[in-house]
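A.B. asks: Mind looking over this structure? Questions follow.
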Amino acid sequence: MLGKSLLLLGACATLACSGLRYGISDADLARAREAAPRGVALFAEQCARCHGQHGEGRSSAPPVLGRDALPEYPREQNPNSGLTAGDPEALRLKARSRPAGAPARDPFRTAADLYGYVSRSMPPDEDARAAMTADHYWALVNFMLVSRGASVPSGGVTDKSAASVKF
Amino acid sequence: MKTTTKSRYHRRSTWPLLVYLTCSGPVWAEDTAADSVPGAARPPGVGLSPEAPPTPPPIGGRAPSFGAPSDPDAFALRIGGRVSAWTRVGVGRSPSDRPNAPVAWHTPPLVVGKNPLYGGTAASLNFLYGNQLLMAYASYEAALTAPEWEGYHRAELGPRVRAAYVALTPPPLGRARLRFQVGAFSLSYGAPGPWGWGLFGPVLAIHGYGGVGGLDYELAPGTVASLEAGTSAVPEVPEGFARGTYTGWPENGLSSIVHHAHLGLSLKNKYFTKLHFAHADGRNMRRYLDDNEKTLEVERRPDGYMQVAALEFRWMEDPFGHFGVTPTFWNMKNARSLHDGIYWGLDWTAGGREMTDKFLGPRPFSQGTGQLAAISAEYNFSVKRLLAHPKPFDGNGHDLRAALAFLPFWTLDSDDAKYKGASGYFVGATFEHVLSSWFSTTWRVFGESRRAVVADPLGARQTSTWRAFSASAGIALHSDWQSQDRLELMYSRYFYSSFTDNNPTRPLDRDVLTLGASVVF
């Protein structure tokens, strides 16, 4: 009995201690300065305000830098918070903003998926998005990939190679 | 065990486990960033970001501008709302005793069963003021409601504050994310559809004055354990408060207080399991409304309660769609004494009275003591997303969007013997064929079948099957492929069992035209 309890406690401790790596590390930041310097600067300008200085995530914005950031499927949104909470018609209409049954964003499986989402939806403000170019977004995507420790092709990921760069 | 490099960006606590549970995990960024470290304080570029709102809009949604760039922790105001316009007309049929009478058009139509298109003319204005830490929210709504609104008359729902609360969302504490909310608001749980909803809504919705707190704890990337608990109260409306023209609103003199708790686990952000429990106590403080009109004897109903337990399973597998199923169990004792603290249960019921009337038996045969079980299931998918796979489809193109729902229920026990063992089901399917960025065709089928009991002219109670189905076809106009504004015209054909349409002198309508429009901003 004691053995089982200790085993269970150990399993819980193991689970609890498995550190989640959110936020860019020193080593990856050094790599990013070499591999994606423009992305580093753009992140500071456009993204850090909401996602945190190191992309570690804040109250209302998820982690976007680090080895464990950017999961394949997005975290579920709480239907009881926000402007549509408790309004059946607003919730029904909100669901129309995505294909039926689809997650809140497309799954991140390749660099092309990440580019597709970021270039369509970030920053949230339409005017800010309008000021961004495709080159800006590719620079950001390269930086985000490097922050995960991913190896990117020399010269960076482009629209031609993005679909083959797996997460 | 994964390893983490100790650095000025990453650190692992060596404190005891409990401290570690709340404080470890995600790395903490240092406040002062230097030089080109991401996030270093730099003036924003000219013409770039008017500061984004603290909470991003839904994907595809719109966010208003907020002037010049500012600190992300600064308070910002966000305004949203909805305008819905809606009307429905039924084409009457000649009554049997006047076969040559001209056919009348009815508005609202003489129909029963689920309304296939939302019915309600309303405008709401929502204010959200706050930053990432603190948010104040208020929603003001004016609604013109009539019996066609989900079948219920809510004349008292005139202009009103629908919700007003303050929410506190502290920065993540290690792996833990906390949220607290206090005020007057509604909460919904257990919906099998995506976005916290579904064709038949949530199996549990709570509203009132109170508070709720929630904790999300990330066990691994995408694996989140969640805990939420709260209390809400709906106070008594005095018996003498007639709310203008007295509408027969029977909850006067009753109150309810709801305690609820929820435990959840999500795996890979794809598989969701949640256990919901709510207990509502109802207190009957009436002095007059429960009097027997014939004898003037006071027959006060005892206090009562309603307990709801639901186990929610949902699975999202792209590109196949979203599937959810929620078995739910209700245990009620004298539930007629409950106000509507639990205001949505099965089939949009509001409070103990409607749950009793629909599923346990009418007054005076049932006082709301019994047990009910149901399984709500729904599947949502996009045909284009299926066909386009592995290429993602974001909704901007031709598509056939589908939702299929089935909800059987059983009255396990009731103080009205006629209802004991009764069962029934709801079924629904909706399709939208998006043909262009501004035009869609819509198709909807809804059905409802249940055992029902009525008294014949001699007072004998007859049991039969109550059944109402509808098939609808419509066209919808919208401003973009996935815009949230739309205008829709729909024709519905209703089908009833003979027991449902059983009054030949006042036959139910079978042909109904609906015109509706909604804008969310």
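A.B. asks: Among the residues of the stretch B:433-448, which ones are without any contact (Cβ under 8 Å) to a residue 60 or more places away in the chain, surrounded by fewer than 20 Cβ atoms within 10 Å (Cβ to Cβ) and not hydrophobic (A, V, I, L, M, F, W, C)?
C.D. replies: Correct list: B:HIS433, B:SER436, B:SER437, B:THR441.
A.B. asks: If you go through the stretch B:449-493, how many residues are buried (at least 18 other Cβ atoms within 10 Å of the Cβ), of a type in the set (Ser, Thr, Tyr) and part of a strand (DSSP E or B)?
C.D. replies: So the answer is 4.
A.B. asks: All but one of (1) modelled with pLDDT of 95 or more; (2) surrounded by fewer than 21 Cβ atoms within 10 Å (Cβ to Cβ); (3) touching a Leu at 6+ places or on another chain (Cβ under 8 Å) hold for B:ALA405; which doesn't?
C.D. replies: Unmet for B:ALA405, out of (1) modelled with pLDDT of 95 or more; (2) surrounded by fewer than 21 Cβ atoms within 10 Å (Cβ to Cβ); (3) touching a Leu at 6+ places or on another chain (Cβ under 8 Å): (2).
A.B. asks: Among (1) among the basic types (Lys, Arg); (2) within 21 Å of B:HIS207 (Cβ to Cβ); (3) modelled with pLDDT of 90 or more, where does B:LYS358 come up short?
C.D. replies: Failing condition for B:LYS358: (3).
A.B. asks: Shifting gears a bit: Output the residues belonging to the stretch A:28-46 that are at pLDDT 85 or above, surrounded by 24 or more Cβ atoms within 10 Å (Cβ to Cβ) and more than 8 Å from chain B (Cβ to nearest Cβ).
C.D. replies: A:GLY39
A.B. asks: Let me ask you something else. Within the stretch B:315-339, can you find the residues that are of a type in the set (Phe, Trp, Tyr) and either surrounded by 21 or more Cβ atoms within 10 Å (Cβ to Cβ) or assigned to a strand (DSSP E or B) (or both)?
C.D. replies: B:TRP315, B:PHE323, B:PHE329, B:TRP330, listed by residue number.
This table checks each residue for (1) at pLDDT 85 or above; (2) closer than 24 Å to A:ARG98 by Cβ; (3) β-branched (Val, Ile, Thr).
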| residue | (1), (2), (3) |
| --- | --- |
| B:THR442 | yes, yes, yes |
| B:VAL453 | no, no, yes |
| B:SER470 | yes, no, no |
| B:ALA473 | yes, no, no |
| B:TYR496 | yes, no, no |
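A.B. asks: Which one of these is basic (Lys, Arg), over 30 Å from A:ARG120 (Cα atoms) and touching a residue at least 12 places away in the same chain (Cβ under 8 Å): B:ARG336, B:ARG385?
C.D. replies: B:ARG336
A.B. asks: Ok, one more. Could you check, for the stretch B:386-393, whether at least one of its residues is under 27 Å from the mean Cα position of the chain (by Cα) and either closer than 30 Å to B:GLN462 by Cβ or within 14 Å of another protein chain (Cβ to nearest Cβ) (or both)?
C.D. replies: no
A.B. asks: While we're on this one: Criterion first (modelled with pLDDT of 85 or more and of a type in the set (S, T, N, Q)) does A:SER154 satisfy it?
C.D. replies: When the stated conditions are applied, A:SER154 does not pass them.
A.B. asks: Under 9 Å by Cβ, and 6 or more places apart or on different chains, what pairs join a residue from the stretch A:72-86 that is surrounded by fewer than 19 Cβ atoms within 10 Å (Cβ to Cβ) with one that is part of a loop (DSSP other than H, G, I, E, B) and at pLDDT below 70?
C.D. replies: A:GLN77/B:PRO58
A.B. asks: Being over 14 Å from B:GLY361 (Cα atoms), in contact with a Phe, Trp or Tyr (Cβ under 6 Å, 6 or more places away or on another chain) and not basic (Lys, Arg) is the requirement here; does B:GLY428 meet it?
C.D. replies: Yes.
A.B. asks: Continuing with this model, one more query. For B:TRP197, which of the numbered conditions (1) surrounded by fewer than 19 Cβ atoms within 10 Å (Cβ to Cβ); (2) in contact with a helix residue (DSSP H, G or I) (Cβ under 6 Å, 6 or more places away or on another chain) fails to hold?
C.D. replies: Only one criterion is unmet by B:TRP197, namely (1).
A.B. asks: Another question, if that's okay. Just to check your reading of the model, which residue among B:TRP348, B:TRP315 is in contact with a Lys or Arg (Cβ under 8 Å, 6 or more places away or on another chain) and within 11 Å of another protein chain (Cβ to nearest Cβ)?
C.D. replies: The unique qualifying residue is B:TRP315.
A.B. asks: Of all residues in the stretch B:175-204, count the ones that are more than 9 Å from chain A (Cβ to nearest Cβ) and either at pLDDT below 90 or on the phi < 0 side of the Ramachandran plot (or both).
C.D. replies: Residues flagged as more than 9 Å from chain A (Cβ to nearest Cβ) and either at pLDDT below 90 or on the phi < 0 side of the Ramachandran plot (or both) within the stretch B:175-204 amount to 11.
A.B. asks: Which residue pairs have Cβ atoms under 8 Å apart, sit 6 or more places apart or on different chains, and have a first residue in the stretch B:112-123 that is more than 11 Å from every other protein chain (Cβ to nearest Cβ) and a second that is among the basic types (Lys, Arg) and not in a loop (DSSP other than H, G, I, E, B)?
C.D. replies: B:ASN115/B:ARG88; B:PRO116/B:ARG444; B:ALA123/B:ARG82
A.B. asks: Look through the stretch B:161-172, keep the residues that are aliphatic (A, V, I, L, M) and either in contact with a Pro (Cβ under 9 Å, 6 or more places away or on another chain) or within 11 Å of chain A (Cβ to nearest Cβ) (or both), and return whichever of them is nearest to A:ALA90 (Cα to Cα).
C.D. replies: For the stretch B:161-172, the residue satisfying everything is B:ALA163.
A.B. asks: Output the number of the condition that B:ASN503 fails; it satisfies all remaining conditions of (1) at pLDDT below 95; (2) over 20 Å from B:PRO194 (Cβ atoms); (3) out of contact with any helix residue (DSSP H, G or I) (no Cβ under 7 Å at 6 or more places or on another chain); (4) surrounded by 15 or more Cβ atoms within 10 Å (Cβ to Cβ).
C.D. replies: Failing condition for B:ASN503: (4).
A.B. asks: Let me ask you something else. Modelled with pLDDT of 85 or more and under 20 Å from the mean Cα position of the chain (by Cα) - does that describe any residue in the stretch B:145-154?
C.D. replies: No, the stretch B:145-154 contains no residue that is modelled with pLDDT of 85 or more and under 20 Å from the mean Cα position of the chain (by Cα).
The values are calculated or read from the model by the stated rules, or taken from the named source; none is laboratory data. What you are looking at is a predicted structure, and each value in this text was computed from that prediction instead of being measured. Because the Cβ atoms are built from the backbone with ideal geometry, glycine has one as well, and the counts that use them run over all protein chains shown.
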